[in-house]
Every structure is written in C-alpha cells, then in structure tokens.
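A.B. asks: Provided herewith is a single structure, encoded as structure tokens, for subsequent inquiry.
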Amino acid sequence: MAAVCGLSLTAAALRAVAPWARCRLLASSRGPQARRVASSSSLEAGDGQIHLTASCVQRLLEITEGSEFLRLEVEGGGCSGFQYKFSLDTVINPDDRVFEQGGARVVVDSDSLAFVKGAQVDFSQELIRSSFQVLNNPQAQQGCSCGSSFSIKL
C-alpha cells in the first residue's frame, strides 16, 4: 500500500477506462437511495454538489475495485487552517453524500460537504507527484501552494 500526499492507494491493476457520462447524485441513507440528475455544467457554490473532472473519473476507474470509492474529508490543520484528506473506502455512513459520475464515486460526509460544496475534484499527474486535488472551491478564501490546505470564507 502506498501513501501519496495523504491518499492511500491499494495496488490495483490498471483496467480499461470507460468514457464518463452525466453526473448523478445519490443521496445516501439507510432506506432506499434517492436519486437526482445533476447538470455537469452547473458549478454554483450553493448547489451542494461535488464535480468530478474527466481525469478524476479516469483515475478512479483505474484504481478502485468492487465497492471501493474515493472519500473526501476536511480536517482542521495544514498551513492554512483546514486540509483536504483523500482515502479509498468501502463503507458508506448514514450522513454521507455519494457523487457518482461514469461509474466513479466520491463520498463526502455532511460536515465536510459544507467546506467543499461546489468544488471540483481533479486528478493531477506531474513529474514530482500525482494526487487527487480539490479545485475551484467556492468555500475557500485562499489555499497553500501545494493545494492540500485552505482557509474558509467568513
């Protein structure tokens, strides 16, 4: 198991990447799941959505197996006050919101969603690192240069 910038990855073989389709929001609960289709062009801060880029969808399809998904959490810490934490998970909790696009899933708990609603999750691959990142977060006032931490708008 390798850890890269707070992201825990399993050693998964690369799989064929399917083209991604429309973004669907699955409201997670203990009862039947409620579904509603979200417009992928809607990037409003108050829409309560997390938007996945094509590179994020592609990478998640490559590294996840079975019921695995990417969990995005916001924790106190980092050089700007709050930091993003990414991990692979298989358990969906009652207060989680599930964002699915083209078979790739990102799960955010309700407390963290308040800090990232309207943001984009991207996968960036550079010479010095490869990581999932939160881009265009309308709830963030400023971020650090590495993109791992941020301060919120008051």
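Each reported figure results from applying straightforward, stated rules to the coordinates on display, with no laboratory input. Just so it is clear, the structure is predicted and the values come from calculations on it, not from any experiment. Positions of Cβ are generated from backbone atoms using ideal geometry, with glycine treated the same way; all protein chains shown enter the neighbour counts.
A.B. asks: What shape does the stretch 72-134 take by its C-alpha gyration tensor, where a ≥ b ≥ c are the square roots of the eigenvalues and a/c under 1.5 counts as rounded, a/b above b/c as prolate, and the rest as oblate?
C.D. replies: oblate
A.B. asks: Another question, if that's okay. I'd like the FRET efficiency for residue 65 and residue 130, computed as 1/(1 + (r/R0)^6) with the beta carbon distance as r and R0 of 22 Å, rounded to 0.05.
C.D. replies: Given R0 = 22 Å and the Cβ-Cβ separation, E is 0.75.
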